Amino acid sequence: MDDIAGKTLDVVIIGSGPAGLTAALYAARADLKPLVLEGPEPGGQLTTTTDVENYPGYPEGVLGPKMMDDFRKQAVRFGADCRWGTVSNVDFAKRPYKVTIDEKTEIFARAIIVSTGASAKWLGIESEQRLRGHGVSACATCDGAFFRDQHVVIIGGGDTAMEEAQFLTKFAGKVTLLHRRDELRASKIMQKRTLDNPKVEVMWSTVLEEVLGDKVVEGVKVKSLKNEEVTTLDDVTGVFLAIGHKPNTDLFKGVLEMDETGYIQTKPKSTYTNMPGIFACGDAQDKDYRQAVTAAGTGCMAAMDAERWLADQEENDS
Ligand code: NDP
């Protein structure tokens, strides 16, 4: 990073999922020579999935890491400078804004695109982490179709769990919903739809103890919180977590306007944040859709918004 230390760049993009890399492609083609700071998980959440079958343009599907590598190559081809570095601090007190990379290199940016994404919440048990991507998933929309006629469990009691349980019933033969309480958090209408579905069975006041299997999921052990009884469901081949997502926006707390759960607020039909020259796209600002294709769409918007904003600044300065 020494070659850019102390320099002022037009556009710095923080994060390298579909939103950040699409923003990079558009900003590069607008000759803004964007710098992409890839963050702790270059390529974003899709690098932890296997086949992606719902991104338009790939009729045979594509592996998540391969798709993100394609996104990156396309952005680099037009001049984006993608680097493995994590932003450790930002100072938005005056313009150009100061960005600190890996706690040592300081650079300055006229415009910043925040595309830091979100992370699914996990339970954190060893077997869940070991079998992630091998039958354990936090995205039913991405991975549900692999479980045709099989028995899957989904964990959570909110709207996401209801929606994803319903989605899973299109493929799975049986969906067991595990919820830690005896009452769901989800809206009544979503609850009703799920509970009325004959393929869904609910295990109330129950938690996942262990995912069984060496290389792939071969069952689960669940524990009742009412009587501590542990049960093995040995025909389960898929485990879906739907216990919420957390946007990766801690860095911007107190500076960028966010909702109560940390999603950055953008002005309607744009990627403008409350700070001039700072734009937000992808899962860091979208809690409703959270798809690669929608993230890419808002990444494109962010680059176009930044380009127009920079042009306006230049006009005002001259
Ligand atoms: P929520 O935070 O609403 O729900 C998370 C669920 O996971 C809760 O039932 C919670 O249990 C459970 N949970 C959390 N941590 C654990 C844990 N460690 N172990 C076991 N269970 C756990 O998240 P959602 O993703 O469901 O929803 C987020 C927001 O998005 C909400 O505002 C929701 O309404 C909205 N949304 C709307 C949709 C729609 O309208 N179509 C679709 C999807 C989401 P407990 O209840 O005990 O706390």
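The values are calculated or read from the model by the stated rules, or taken from the named source; none is laboratory data. Note that this is a predicted model, so its numbers are computed, not measured. Note that we place each Cβ from the backbone using ideal geometry, even for glycine, and neighbour counts take in every protein chain shown.
Tabulated values for the structure
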{"read-out": "Residue in the range 121-134 that is of a type in the set (A, V, I, L, M, F, W, C), within 16 Å of the ligand (Cβ to nearest atom), buried (at least 19 other Cβ atoms within 10 Å of the Cβ) and touching a residue at least 12 places away in the same chain (Cβ under 8 Å) present", "value": "no"}
{"read-out": "Qualifying position, being more than 16 Å from the ligand (Cβ to nearest atom) and not in a loop (DSSP other than H, G, I, E, B), among A161, A109, A93, A165", "value": "A109"}
{"read-out": "Test for S88: is it at pLDDT 95 or above, away from the ligand (no atom under 16 Å from the Cβ) and hydroxyl-bearing (S, T, Y)", "value": "yes"}
{"read-out": "Residue that is farthest from V216 (Cα to Cα) [pool: residues in the range 142-160 that are at pLDDT 95 or above and of a type in the set (G, A, S)]", "value": "G157"}
{"read-out": "Of all residues making up the range 112-138, the number that are part of a strand (DSSP E or B) and either on the phi > 0 side of the Ramachandran plot or touching a Lys or Arg at 6+ places or on another chain (Cβ under 9 Å) (or both)", "value": "4"}
{"read-out": "Among residues of the range 278-300, those that are modelled with pLDDT of 95 or more and surrounded by fewer than 21 Cβ atoms within 10 Å (Cβ to Cβ), counted", "value": "4"}
{"read-out": "Looking only at the range 244-265, and only at residues there that are more than 16 Å from the ligand (Cβ to nearest atom) and of a type in the set (A, V, I, L, M), the one that is farthest from K121 (Cα to Cα)", "value": "V255"}
{"read-out": "Subset of the range 173-190 [more than 7 Å from the ligand (Cβ to nearest atom) and hydroxyl-bearing (S, T, Y)]", "value": "T176"}
{"read-out": "Flag if V114 is buried (at least 23 other Cβ atoms within 10 Å of the Cβ), away from the ligand (no atom under 16 Å from the Cβ) and either farther than 29 Å from A280 by Cβ or not hydrophobic (A, V, I, L, M, F, W, C) (or both)", "value": "no"}
{"read-out": "Unique residue being more than 25 Å from A93 (Cα to Cα) and charged (D, E, K, R) when the list is D317, D305, D235", "value": "D235"}
{"read-out": "Sole residue being more than 14 Å from the ligand (Cβ to nearest atom) and either of a type in the set (K, R) or at pLDDT 95 or above (or both), chosen from L233, L241, L225, L208", "value": "L233"}
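Yes/no per residue for (1) more than 14 Å from the ligand (Cβ to nearest atom); (2) without any contact (Cβ under 8 Å) to a residue 40 or more places away in the chain; (3) closer than 19 Å to V136 by Cα:
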site: H151; (1), (2), (3): yes, no, yes
site: R193; (1), (2), (3): no, yes, no
site: V200; (1), (2), (3): yes, yes, yes
site: L212; (1), (2), (3): yes, no, yes
site: K215; (1), (2), (3): yes, no, yes
